[in-house]
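The values are calculated or read from the model by the stated rules, or taken from the named source; none is laboratory data. Only a predicted model underlies this, so the values are computations on that prediction, with no experimental measurement involved. A quick note on method: Cβ atoms are made from the backbone with ideal geometry, for glycine too, and the neighbour counts reach across all protein chains shown. Quick note on the areas: whole protein, heavy atoms, side chains included, nothing else; ligands and nucleic acids left out. Shrake-Rupley method; radii C 1.70, N 1.55, O 1.52, S 1.80 Å.
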Amino acid sequence: MVGAAATVWPLVTQMNPDAATIAAGAPIEVDLTPIAEGQDIKVFWRGKPIYISHRTKKQIDEAQQAPLSSLKDPEADSARVKAGHDQWLVVIGICTHLGCIPIAHEGNYDGFFCPCHGSQYDSSGRIRQGPAPANLEVPPYTFVSDTKIQIG
Amino acid sequence: MSGPSDYQPSNPALKWIERRLPIFGLVHSSFVAYPTPRNLNYWWTFGAILSMMLALQILTGVILAMHYTPHADLAFKSVELIVRDVNYGWLLRNMHACGASMFFFAVYVHMFRGLYYGSYKEPREVLWILGVIIYLLMMATGFMGYVLPWGQMSFWGATVITNLFSAIPYVGKSIVTLLWGGYSVGNPTLNRFFSLHYLLPFVIAGVVVLHVWALHVAGQNNPAGVEAKTEKDTVPFTPYATIKDMFGVSCFLIFYAWFIFYMPNYLGDADNYIPANPGVTPAHIVPEWYYLPFYAILRSIPNKLAGVVAMFSAIIILCFLPWLDSARTRSSKYRPLAKQFFWIFVVVCVLLGYLGSQPPEGIYVIAGRILTVCYFAYFLIVLPLLARIETPRPVPNSIADDVLSRSRGKVAAAASVVLAVVMAGGLLAGSTQSAKAEDDTPPAQKWSFSGPFGKYDRGSLQRGLKVYKEVCSACHSLNYIAFRNLADPGGPGYSEAQAAAFAADYKIKDGPNDQGEMFDRPGRPADYFPPPFPNEQAAAAANGGKAPPDLSLMTKARGYERGFPQFVFDFFTQFQEQGPNYVSAILQGFEDKPPAGVTIPEGTYYNKYYPGHAIKMPKPLNDGQVTFDDGSPATVAQYAHDVTTFLMWTAEPHLEERKRVGLQVFVFLIIFAFLMYFTKKKVWADAH
């Protein structure tokens, strides 16, 4: 029994990401200075697009004032950005429904709109409308300095 | 497969083998002497059609695998090279790609037949369940096969479908990572899909053997739904069923060849001629048509996990059909209510398929929900209920009785054939009239290469090449075209010397030489058109952030919705020219100023036919910009027409050969089908 399981394990786990893929998924640093207010950039980390948005005052206010009770996946804006860096929203640009890439600055909530099945996210990347079950995921990242973050 | 055979070969060598391995007896008892009900109709030939399709898919698939490269950077190109450079590669690829659709078409007919005639009922439950397993395996195989060309739809289809598993609570994410072999769909995913796509057809073949075995143990069902009792009820498989199957297969091949030779892209998606790009999702992801009803069910449920569960349940529920429908009468022929509900169910499935292809908004979502309820209600409410309340009509005593009473039904059958012909004619006639153009739909144009006898206009190809060289090539590459192609038959009609001279005008980067340095040399016929920019980033940087797309496949990678009912007519008229119409319309659709009330972002230009109207490309063509030697007018309309014709050739270089071979195949198949029909009539003359 143990022998059989031990034999099967390599046959199954070989399908997981290999060493080179994992190594290529090491943390990356991104310089924020070129991103003007109201703009955003898309960087790739581990093959996933990451949106880094420099939010406007209006977007921040909207994100902070949205009542939690109206959210499908309630989460305060403050839990989705780093304290003191309210203007920076960093999210993985993969729709939590079926993995398409939402388009930034589209939809009714000043955030993201997924063209595949119509999910709409707000300026904090939270799901507001459509079939997606959860908010856009926030990748692990830290501020190295005021103008530089490390993702991963 | 039905017990030991009493067959004895007379040839001594065969006798020697037979004593040691009774294989001839097995074949004889399964496919020669095997008794089949005499009243089988043509819906029963789909079993043979499916066997042939499986064999054809395996054959063409194994050959394609000899030329295909399963690597994320090379897969798309290798498929193009198969189509362009391998001898008859275009034919093999079309056979395989259209074959998948035909396989599913036939399997759906086969399944609906089983549903209508109650072929899943005692004692054929295991036979039916094996069939459902084959269907599931086919779906997995078809899905993985669609990923292999690594176009945009391949990539995003793979992303969406593998993400279905992330709906599983707790372990979903780990399972998806396991499927991908990475953090997203990528090269490892493509590699394993190729491996499995090669493996699964053989698994299907194995289950098919079990399926046939189970069939030969239980015996075939038949339209009357009564078991064969005496000799009089059956005829031997060969020659009776064999020749009937041959006729059915030959008719099916005509249908299949229509797609292979005349509309290979009708069932595909234009987006799949754009190489996979993990950074851009196509605006509208649709699976292949044969998954659409299930896709519609998935999308109609607002909760992700519930949607996935519903989608899989819609297939798994088929396994329980023998117990959900407990009515004793098999055939719906004798069940007045079940018959009506069956046809309603067919309509529900077709409508679900249509909804699956539409964007998930507004009325489509609501309609999808209603139809999803109808789909499940058929299995969970209608069938169990009918078994209890319906009074079936009396079934015939025996198959022989059914055959005798059926000669009266001949008139009705003839009438329905006439009706079908009239309807097809009506569709054909309707298609010529209903070409009404909406405002931003590209206007339909006349192309020399359209229709079953279409050919390229050589003069137009040569002028188009000149327009490309003098205008388009400043920004757009033409990566899949080599200079040698200019001398190919069915192309612009240059001689090899002319093509070589054309190539020599270009500077091609080569190297490294013995000093380790790159150098320029004159082009040779084997070289490809050099791209205007060294890499995609340079192209994007020089063009306002977005690289101009490669033009080789442009006329197949673009299109527009034809909508219902137009796409039905298109099948009959062989309309395949969305791409050329669109490309030509874009080139002519520029307007100096956007219409009043429309604003477009800075750095873009207003184009009437571009989706969203804001295009990054400035107006490329102006009157008088290119001078033609043959005196053709130097107008934008002429340029657009010629360069589009040229780009159609770059996208489909073997179009003329395809249509020529198609005509020969059609003449052969029609004669063959006639011969089969009359042979069948002769063989069956004494059986009716």
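How would you order A:76-86, B:621-631 from highest to lowest mean count of nearby Cβ atoms within 10 Å?
Taking the mean over residues of other Cβ atoms within 10 Å, the ranking is A:76-86, B:621-631.
Measure off 7 Å from each Cα along the Cα-to-Cβ vector at B:A474 and A:F44, then give the distance between these two points in nanometres to one decimal.
My value for the distance between the label points is 3.1 nm.
What's the extension gain from B:A205 to B:M66 if we count 0.36 nm per residue and subtract their Cα-Cα distance?
Additional length available on full extension: 48.0 nm.
Enumerate lysine pairs in segment A:18-151 that are 8 or more residues apart or on different chains, then count those whose Cα atoms are under 25 Å apart.
15
Taking amide H positions as placed in the peptide plane 1.01 Å from N, state which residues far from A:C100 in sequence (5 or more) or on other chains have amide H under 5 Å from it.
A:C95
In Å², rounded to the nearest 100, what is the total accessible surface buried by chains A and B against each other with a 1.4 Å probe?
By this definition, chains A and B bury close to 2100 Å².
Any idea how far apart B:A420 and B:E536 come out in nm if each label point goes 7 Å out from Cα toward Cβ?
About 4.8 nm, to one decimal.
Report the FRET efficiency, 1/(1 + (r/R0)^6), for B:L14 and B:V126, where r is their Cβ-Cβ distance and R0 is 30 Å, rounded to 0.05.
The pair B:L14/B:V126 has a calculated efficiency of 0.35.
Rounded to whole Hz and in sequence order, give me ³J(HN,Hα) for segment A:55-62 from the Karplus expression 6.51 cos²θ - 1.76 cosθ + 1.60, θ = phi - 60°, writing x for Gly and Pro.
Working through the residues one at a time gives 6, 7, 4, 4, 5, 5, 4, 4 Hz.
With the full set of protein chains in place, find how many percent of the accessible area of chain B is carbon and sulfur; take the probe as 1.4 Å.
Of all accessible area on chain B, carbon and sulfur atoms account for 66 percent.
Each label point is 7 Å from the Cα along the Cα-to-Cβ direction; what then is the distance between the points at B:A377 and B:Y170, in nm?
The answer from the label model is 3.7 nm.
I want to verify the translational diffusion coefficient of chain B in µm²/s; compute it with Stokes-Einstein, Rh as the Kirkwood radius over Cα pairs, at 4 °C and 1.567 mPa s.
Details: Rh = 28.6 Å.
Reported coefficient: 45 µm²/s.
For segment A:18-151, what log10 I(q)/I(0) values come out of the Debye formula at q = 0.09, 0.17 1/Å, with one point per alpha carbon and no solvent?
Cα-only, vacuum Debye calculation for segment A:18-151: -0.25, -0.88.
Could the peptides B:335-344, B:295-304 be put in order, highest first, of the mean number of other beta-carbon atoms found within 10 Å of their residues?
Ranking, from highest mean packing down: B:295-304, B:335-344.
Give the average, rounded to an integer, of partner chain Cβ atoms located within 10 angstrom of each Cβ in B:356-367.
1
Whole number in Å², please: accessible area per residue of segment A:18-151, 1.4 Å probe, ligands, DNA and RNA not counted.
Numbers: 5880 Å² over 134 residues.
Ligands and nucleic acids excluded, the result is 44 Å² per residue.
In debye to the nearest 20, how big a dipole does the protein assembly as shown give about its Cα centre with +1 on each Lys and Arg Cβ and -1 on each Asp and Glu Cβ?
With only Lys, Arg, Asp and Glu charged at Cβ, the dipole is about 2980 debye.
Between B:A387 and B:W343, how high is the FRET efficiency from 1/(1 + (r/R0)^6) when r is the Cβ-Cβ distance and R₀ = 25 Å? Nearest 0.05.
0.85
Count the net charge of all other residues whose Cβ sits under 14 Å from the Cβ of B:Y677, scoring Lys and Arg as +1 and Asp and Glu as -1. All intermediate terms of the calculation are to be shown ahead of the outcome.
Details: positive: B:K244, B:K680, B:K681, B:K682; negative: B:D245.
Around B:Y677, the charge tally is +3.
Residues with amide H under 5 Å of B:G151's amide H, sequence separation 5 or more or different chain, H placed in the peptide plane at 1.01 Å from N; which?
Those lying under 5 Å, H to H, from B:G151 are B:A276.
Hey, what's segment B:593-657 come to in accessible area per residue, 1.4 Å probe, Å²?
On the way: 3180 Å² over 65 residues.
Dividing the accessible area of segment B:593-657 by its residue count gives 49 Å².
Along segment A:101-116, what does the Karplus equation 6.51 cos²θ - 1.76 cosθ + 1.60 (θ = phi - 60°) give for ³J(HN,Hα), rounded to whole Hz, x for Gly and Pro?
9, x, 9, 6, 6, 9, x, 8, 10, 6, x, 10, 10, 9, x, 6
With θ set to phi - 60°, apply the Karplus curve 6.51 cos²θ - 1.76 cosθ + 1.60 along segment A:143-152 and write out the HN-Hα couplings as whole Hz, x wherever there is a Gly or Pro.
So the J values, rounded to whole Hz, are 8, 6, 9, 5, 10, 9, 10, 10, 9, x.
Residues in segment B:165-202, backbone N under 19 Å from the label point at A:I22 (7 Å along the Cα-to-beta-carbon vector): list them, ranges by number please.
B:173-189
Local charge sum around B:V226 (other residues, Cβ-Cβ under 10 Å, Lys/Arg +1, Asp/Glu -1)? Mind showing how you got there, number by number?
Details: positive: B:K229, B:R330; negative: B:E227, B:D233, B:D401, B:D402.
Net charge in that neighbourhood comes out at -2.
Going down the table (B:K173/B:K304; B:K455/B:K608; B:K244/B:K681; B:K455/B:K659; B:K469/B:K546), which pairs top 18 Å between alpha carbons?
Going by Cα-Cα distance, B:K455/B:K608; B:K469/B:K546 fall outside the 18 Å limit.
List every DSSP H helix in chain B whose Cα atoms extend 30 Å or more along the helix's own long axis and whose mean Kyte-Doolittle hydropathy is at least 0.0.
Result, helices passing both filters: B:89-116, B:125-147, B:187-218, B:336-356, B:410-433, B:655-684.
Enter the mean number of other protein chain beta carbons within 10 Å of the beta carbon of each residue in B:177-184, as an integer.
Rounded to a whole number, the mean comes out at 6.
Sorting check: for B:457-464, B:513-520, B:194-201, which peptide has the highest mean count of neighbouring beta carbons within 10 Å, and how do the rest follow?
Packing proxy ranking, top to bottom: B:457-464, B:194-201, B:513-520.
Can you figure out the FRET efficiency of B:Y354 with A:E106, using R₀ = 22 Å and their beta-carbon distance, to the nearest 0.05?
0.20
When the Cα atoms of segment B:531-688 are enclosed in a convex hull and the volume is divided per residue, what value in Å³ results?
Once divided by residue count, the hull of segment B:531-688 is 206 Å³.
Provide the gained length on full extension for the span B:Y42 to B:A283, in nm with one decimal, where the gain is 0.36 nm per separating residue minus the Cα-Cα distance.
Taking 0.36 nm per residue and subtracting the Cα distance, the gain is 82.6 nm.
Taking the Cβ of B:G464 as the centre, find all other residues whose Cβ is under 10 Å away and add up their charges (Lys, Arg: +1; Asp, Glu: -1).
On the way: positive: B:R463, B:K466, B:K469; negative: B:D457, B:D642.
Once positives and negatives cancel, what remains is +1.
Enumerate the amide H contacts of B:G118 below 5 Å, restricted to partners 5 or more residues apart or on another chain; note that Pro and chain-start residues carry no placed amide H.
Close amide H contacts, sequence-distant or interchain: B:S332.
In peptide A:35-47, how many Cβ atoms from other protein chains are near each Cβ within 10 Å, on average? Numbers along the way, then the final one.
Numbers: counts 0, 0, 0, 0, 0, 0, 0, 1, 0, 3, 1, 4, 8.
Taking all residues of A:35-47 together, the mean is 1.
At a 1.4 Å probe, what is the % contribution of carbon and sulfur to the accessible area of segment A:18-151? Provide the component values of the computation, followed by the final result.
Details: 3130 of 5880 Å².
So the carbon and sulfur contribution to the accessible surface is 53 percent.
Can you give me the angle between helix A:2-13 and the longest principal axis of chain A, using Cα atoms only, in degrees from 0 to 90, rounded to the nearest 10?
So the helix axis and the longest Cα principal axis differ by about 50 degrees.
Just to confirm, what accessible area per residue do you get for segment B:331-382 at 1.4 Å probe, in whole Å²?
On the way: 2530 Å² over 52 residues.
Per residue, segment B:331-382 has an accessible area of 49 Å².
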